[in-house]
1. Could you grab me the full set of residues in region 1-31 that are in contact with a Cys (Cβ under 8 Å, 6 or more places away or on another chain) and not small (G, A, S)?
2. Consider only pairs whose beta carbons are under 6 Å apart and that are at least six residues apart or on different chains; among these, list those whose first residue lies in region 42-53 and is without any contact (Cβ under 8 Å) to a residue 40 or more places away in the chain and more than 14 Å from A31 (Cβ to Cβ) and whose second residue is more than 6 Å from the ligand (Cβ to nearest atom) and not in a loop (DSSP other than H, G, I, E, B).
3. Taking region 75-109 only, how many residues are closer than 22 Å to G24 by Cα, in contact with a Leu (Cβ under 8 Å, 6 or more places away or on another chain) and in a loop (DSSP other than H, G, I, E, B)?
4. Select from region 1-37 the residues that are under 15 Å from I92 (Cα atoms) and of a type in the set (K, R) and list them in ascending order.
5. Could you say whether any residue in region 31-48 is at pLDDT below 95, out of contact with any His (no Cβ under 6 Å at 6 or more places or on another chain) and farther than 22 Å from M1 by Cβ?
Amino acid sequence: MSTVTVTLVQVDGQEVVIDDAPLGESLMEVARSRGVDGILGDCGGGCACATCHVYVDPAWEDAVGKPDEIEEMTLDMVSHVTRDNSRLSCQIRISPDLDGLRVTVAPSD
Ligand code: FES
């Protein structure tokens, strides 16, 4: 297996199913390369901008895991829209365990 399937639900409710997400890439990179609306990735994956914010589907929270301290600090920049299942998609690395992953793009305001 060198790719997995991930689904991103855009803010407008439209689902983008990516069935060839390459292992090892970040979810942000994959989403951007497919033009997923709302995933900007302004800092290039440096965990510094929070423009790649997603809500992880409850069924996938354990597999994805929690943000580390640095990611928490960046998420604080958008604390008005964070939830318990918030993650920065640039910090989610595509792995075989994430085949079927589903996230929702967070609104920017
Ligand atoms: S791309 Fe900037 S924090 Fe994820």
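1. Taking region 1-31 and keeping what is in contact with a Cys (Cβ under 8 Å, 6 or more places away or on another chain), we get 26-29, 31.
If the condition is that a residue be in contact with a Cys (Cβ under 8 Å, 6 or more places away or on another chain) and not small (G, A, S), then L27, M28, E29 are the ones that fit.
2. Listed pairs, sorted by first residue: A50/M77; A50/V78.
3. Qualifying residue count, region 75-109: 3.
4. Within region 1-37, just R32 meets the criteria.
5. Filtering region 31-48 down to residues at pLDDT below 95 leaves none.
Among the residues of region 31-48, not one is at pLDDT below 95, out of contact with any His (no Cβ under 6 Å at 6 or more places or on another chain) and farther than 22 Å from M1 by Cβ, which makes the answer no.
Residues checked against (1) surrounded by fewer than 18 Cβ atoms within 10 Å (Cβ to Cβ); (2) of a type in the set (V, I, T); (3) away from the ligand (no atom under 13 Å from the Cβ):
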| position | (1), (2), (3) |
| --- | --- |
| A48 | yes, no, no |
| C52 | no, no, no |
| D62 | yes, no, yes |
| M77 | yes, no, no |
| R83 | yes, no, yes |
| I92 | no, yes, no |
| D97 | yes, no, yes |
| D109 | yes, no, yes |
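The values are calculated or read from the model by the stated rules, or taken from the named source; none is laboratory data. The shown structure was predicted, so the numbers you read here are calculated from the model rather than taken from an experiment. Glycine gets a Cβ as well: all are built from the backbone with ideal geometry, and neighbour counts include every protein chain shown.
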